[in-house]
Amino acid sequence: MGYFVTGATGFIGGFFVEQLLARRGHVYVLVRQSSREKLDALKSRLPAAAAERVIAVYGDITAPNMGLSANDLSVLNGNVSQFFHFAAIYDMAADEASQAAANINGTINAVQAAQAMQADCFHHVSSIAVSGLFRGTFREDMFEEAENLDHAYFRTKHESEKVVRQQCKIPFRIYRPSAV
(Lines give C-alpha, C1' and ligand atoms only; values in the text may rest on other atoms or scores of the structure.)
Protein backbone atom coordinates (compact mmCIF):
# COMPACT_ATOMS: atom_id res chain seq x y z
CA MET A 1 0.00 0.00 0.00
CA GLY A 2 1.30 3.43 -0.91
CA TYR A 3 0.30 6.90 0.18
CA PHE A 4 0.46 10.26 -1.55
CA VAL A 5 0.67 13.50 0.45
CA THR A 6 0.45 17.10 -0.70
CA GLY A 7 1.70 19.71 1.75
CA ALA A 8 4.14 17.27 3.36
CA THR A 9 6.72 20.04 3.78
CA GLY A 10 4.22 22.20 5.65
CA PHE A 11 3.57 22.27 9.37
CA ILE A 12 0.64 19.86 9.65
CA GLY A 13 1.67 17.71 6.69
CA GLY A 14 5.18 17.18 8.02
CA PHE A 15 3.97 15.83 11.32
CA PHE A 16 1.39 13.73 9.51
CA VAL A 17 4.06 12.10 7.32
CA GLU A 18 6.02 11.15 10.44
CA GLN A 19 2.93 9.38 11.81
CA LEU A 20 2.05 7.83 8.45
CA LEU A 21 5.45 6.16 8.32
CA ALA A 22 4.37 3.93 11.21
CA ARG A 23 2.41 2.08 8.52
CA ARG A 24 3.91 -0.06 5.80
CA GLY A 25 4.40 1.23 2.29
CA HIS A 26 5.96 4.12 0.45
CA VAL A 27 4.95 7.69 1.11
CA TYR A 28 5.05 9.77 -2.07
CA VAL A 29 5.16 13.48 -1.34
CA LEU A 30 4.48 16.32 -3.74
CA VAL A 31 7.33 18.82 -3.54
CA ARG A 32 7.89 22.08 -5.37
CA GLN A 33 11.41 22.46 -6.71
CA SER A 34 11.79 25.47 -4.42
CA SER A 35 10.95 23.34 -1.35
CA ARG A 36 13.67 20.69 -1.66
CA GLU A 37 15.37 22.00 1.50
CA LYS A 38 12.13 21.61 3.45
CA LEU A 39 11.89 17.98 2.32
CA ASP A 40 15.51 17.41 3.34
CA ALA A 41 14.71 18.90 6.78
CA LEU A 42 11.69 16.61 7.13
CA LYS A 43 13.70 13.54 6.19
CA SER A 44 16.51 14.50 8.58
CA ARG A 45 14.07 14.19 11.51
CA LEU A 46 13.25 10.61 10.53
CA PRO A 47 15.06 7.35 11.19
CA ALA A 48 17.08 6.38 8.09
CA ALA A 49 14.84 3.42 7.20
CA ALA A 50 11.73 5.62 7.34
CA ALA A 51 13.35 8.45 5.37
CA GLU A 52 14.12 6.02 2.54
CA ARG A 53 10.40 5.31 2.20
CA VAL A 54 9.62 8.99 1.56
CA ILE A 55 9.73 9.51 -2.19
CA ALA A 56 9.70 13.01 -3.63
CA VAL A 57 7.49 13.67 -6.63
CA TYR A 58 8.15 17.12 -8.04
CA GLY A 59 5.22 19.28 -9.07
CA ASP A 60 2.96 22.13 -8.01
CA ILE A 61 -0.66 21.97 -6.87
CA THR A 62 -1.52 25.02 -8.96
CA ALA A 63 -0.76 23.17 -12.22
CA PRO A 64 -3.12 20.68 -13.91
CA ASN A 65 -2.63 17.20 -12.40
CA MET A 66 -0.36 19.03 -9.94
CA GLY A 67 2.29 19.36 -12.63
CA LEU A 68 2.96 15.62 -12.62
CA SER A 69 4.29 14.16 -15.82
CA ALA A 70 2.52 11.37 -17.67
CA ASN A 71 5.36 9.11 -16.52
CA ASP A 72 4.86 10.11 -12.85
CA LEU A 73 1.14 9.42 -13.10
CA SER A 74 1.82 6.08 -14.78
CA VAL A 75 4.21 5.02 -12.02
CA LEU A 76 1.77 6.12 -9.30
CA ASN A 77 -1.28 4.56 -10.97
CA GLY A 78 -2.31 1.61 -8.84
CA ASN A 79 0.46 2.26 -6.28
CA VAL A 80 -1.40 4.87 -4.22
CA SER A 81 -4.15 3.63 -1.97
CA GLN A 82 -4.73 6.76 0.11
CA PHE A 83 -4.28 10.32 -1.16
CA PHE A 84 -3.95 13.03 1.53
CA HIS A 85 -4.38 16.66 0.45
CA PHE A 86 -2.93 19.09 2.99
CA ALA A 87 -1.44 21.71 0.64
CA ALA A 88 -3.17 25.07 0.84
CA ILE A 89 -2.60 28.62 1.93
CA TYR A 90 -3.57 28.88 5.58
CA ASP A 91 -2.68 32.56 5.87
CA MET A 92 -5.65 34.85 6.30
CA ALA A 93 -3.50 37.82 5.25
CA ALA A 94 -2.52 36.29 1.88
CA ASP A 95 -3.91 37.95 -1.23
CA GLU A 96 -7.08 36.56 -2.76
CA ALA A 97 -5.47 35.44 -6.04
CA SER A 98 -2.87 33.34 -4.22
CA GLN A 99 -5.51 31.79 -1.98
CA ALA A 100 -7.73 30.94 -4.96
CA ALA A 101 -4.81 29.41 -6.88
CA ALA A 102 -3.68 27.22 -3.99
CA ASN A 103 -6.92 26.47 -2.19
CA ILE A 104 -9.45 26.11 -4.99
CA ASN A 105 -7.40 25.30 -8.09
CA GLY A 106 -4.97 23.26 -6.01
CA THR A 107 -7.82 21.11 -4.76
CA ILE A 108 -9.22 20.67 -8.28
CA ASN A 109 -5.79 19.56 -9.46
CA ALA A 110 -5.28 17.24 -6.48
CA VAL A 111 -8.67 15.57 -7.05
CA GLN A 112 -7.82 15.07 -10.73
CA ALA A 113 -4.41 13.61 -9.88
CA ALA A 114 -5.85 11.26 -7.24
CA GLN A 115 -8.38 10.02 -9.77
CA ALA A 116 -5.66 9.59 -12.42
CA MET A 117 -3.66 7.54 -9.89
CA GLN A 118 -6.76 5.47 -9.18
CA ALA A 119 -6.38 6.10 -5.45
CA ASP A 120 -8.88 4.26 -3.28
CA CYS A 121 -9.70 7.30 -1.13
CA PHE A 122 -9.13 11.06 -1.22
CA HIS A 123 -8.56 12.66 2.20
CA HIS A 124 -9.10 16.42 2.13
CA VAL A 125 -7.79 18.49 5.02
CA SER A 126 -10.17 21.41 5.05
CA SER A 127 -10.73 23.93 7.83
CA ILE A 128 -13.45 25.10 10.14
CA ALA A 129 -13.11 28.30 8.06
CA VAL A 130 -15.61 26.72 5.63
CA SER A 131 -18.28 27.85 8.09
CA GLY A 132 -17.41 31.49 7.51
CA LEU A 133 -18.71 33.55 10.39
CA PHE A 134 -21.50 31.12 11.29
CA ARG A 135 -22.63 31.70 14.86
CA GLY A 136 -23.09 28.62 16.97
CA THR A 137 -22.05 25.03 16.47
CA PHE A 138 -21.09 24.14 12.91
CA ARG A 139 -21.49 20.36 12.79
CA GLU A 140 -19.68 17.93 10.49
CA ASP A 141 -22.86 17.40 8.46
CA MET A 142 -23.23 21.14 7.81
CA PHE A 143 -21.88 22.85 4.73
CA GLU A 144 -24.47 24.97 2.91
CA GLU A 145 -25.29 26.70 6.20
CA ALA A 146 -22.03 28.66 6.09
CA GLU A 147 -22.48 32.40 6.49
CA ASN A 148 -20.54 35.57 5.74
CA LEU A 149 -17.92 34.12 3.42
CA ASP A 150 -16.75 37.60 2.42
CA HIS A 151 -13.14 37.04 3.48
CA ALA A 152 -11.02 35.38 0.78
CA TYR A 153 -9.71 32.73 3.18
CA PHE A 154 -13.21 31.65 4.27
CA ARG A 155 -14.50 31.70 0.69
CA THR A 156 -11.58 29.75 -0.82
CA LYS A 157 -11.62 27.11 1.91
CA HIS A 158 -15.39 26.74 1.43
CA GLU A 159 -15.02 26.48 -2.34
CA SER A 160 -12.19 23.94 -2.07
CA GLU A 161 -14.31 21.68 0.12
CA LYS A 162 -17.16 22.12 -2.37
CA VAL A 163 -14.83 20.89 -5.13
CA VAL A 164 -14.27 17.65 -3.22
CA ARG A 165 -17.97 17.22 -2.44
CA GLN A 166 -19.06 17.82 -6.05
CA GLN A 167 -16.20 16.70 -8.29
CA CYS A 168 -14.40 13.86 -6.54
CA LYS A 169 -15.42 10.58 -8.18
CA ILE A 170 -13.59 8.34 -5.71
CA PRO A 171 -14.54 7.87 -2.05
CA PHE A 172 -13.44 10.83 0.05
CA ARG A 173 -13.19 12.01 3.61
CA ILE A 174 -13.05 15.62 4.79
CA TYR A 175 -11.34 16.80 7.95
CA ARG A 176 -11.85 20.27 9.44
CA PRO A 177 -9.18 21.20 11.98
CA SER A 178 -10.36 24.10 14.10
CA ALA A 179 -6.99 25.18 15.49
CA VAL A 180 -3.43 24.01 15.08
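The values are calculated or read from the model by the stated rules, or taken from the named source; none is laboratory data. Here the structure is a predicted model, which means the values were calculated and not measured. Here Cβ is always computed from backbone atoms with ideal geometry, including for glycine, and neighbour counts include all displayed protein chains. These accessible areas exclude ligands, DNA and RNA; they are computed on the full protein's heavy atoms, side chains included. Shrake-Rupley method; radii C 1.70, N 1.55, O 1.52, S 1.80 Å.
In the stretch 87-121, the residue that is nearest to Thr6 (Cα to Cα) out of those that are small (Gly, Ala, Ser) and more than 15 Å from the chain's Cα centre (by Cα) is Ala116. Against the criterion of being part of a helix (DSSP H, G or I), within 12 Å of the chain's Cα centre (by Cα) and buried (at least 20 other Cβ atoms within 10 Å of the Cβ), Phe84 does not qualify. With respect to the conditions (1) part of a helix (DSSP H, G or I); (2) within 19 Å of Glu159 (Cβ to Cβ); (3) open to solvent by 70 Å² or more (accessible area, probe 1.4 Å), Ser74 lacks only one, and its number is (2). When the stretch 142-180 is filtered for residues that are of a type in the set (A, V, I, L, M) and assigned to a loop (DSSP other than H, G, I, E, B), the ones remaining, listed by number, are Met142, Ala146, Leu149, Ile170, Ala179, Val180. Among the residues of the stretch 1-37, those identified as farther than 18 Å from Ala110 by Cβ and either in contact with a Lys or Arg (Cβ under 9 Å, 6 or more places away or on another chain) or not in a helix (DSSP H, G or I) (or both) are Met1, Glu18, Leu21, Ala22, Arg23, Arg24, Gly25, His26.
For Ser126, the requirement of being buried (at least 18 other Cβ atoms within 10 Å of the Cβ) and without any contact (Cβ under 8 Å) to a residue 40 or more places away in the chain is not met. When you go through Ala22, Ala51, Ala56 one by one, which is the residue that is open to solvent by less than 50 Å² (accessible area, probe 1.4 Å) and free of Cβ contacts under 8 Å to residues at least 24 places away in the same chain? Answer to the check: Ala51.
Among residues of the stretch 105-122 that are surrounded by fewer than 18 Cβ atoms within 10 Å (Cβ to Cβ), those with a beta-carbon under 6 Å from a residue that is among the basic types (Lys, Arg) at least six positions away or on a different chain give the pairs Gln115/Lys169. Here is the figure for the stretch 53-97: residues that are among the hydroxyl-bearing types (Ser, Thr, Tyr) and out of contact with any helix residue (DSSP H, G or I) (no Cβ under 9 Å at 6 or more places or on another chain) total 3.
Suppose we keep only residues that are touching a helix residue (DSSP H, G or I) at 6+ places or on another chain (Cβ under 7 Å) and open to solvent by 20 Å² or more (accessible area, probe 1.4 Å) within the stretch 25-44. Which one would you say is farthest from Phe83 (Cα to Cα)?
The first filter runs over the stretch 25-44 and keeps only residues touching a helix residue (DSSP H, G or I) at 6+ places or on another chain (Cβ under 7 Å), leaving 27-31, 42-43.
Next cut, open to solvent by 20 Å² or more (accessible area, probe 1.4 Å) only: 28, 43.
Working: Tyr28: 9, Lys43: 20 Å.
Out of the qualifying residues, it is Lys43.
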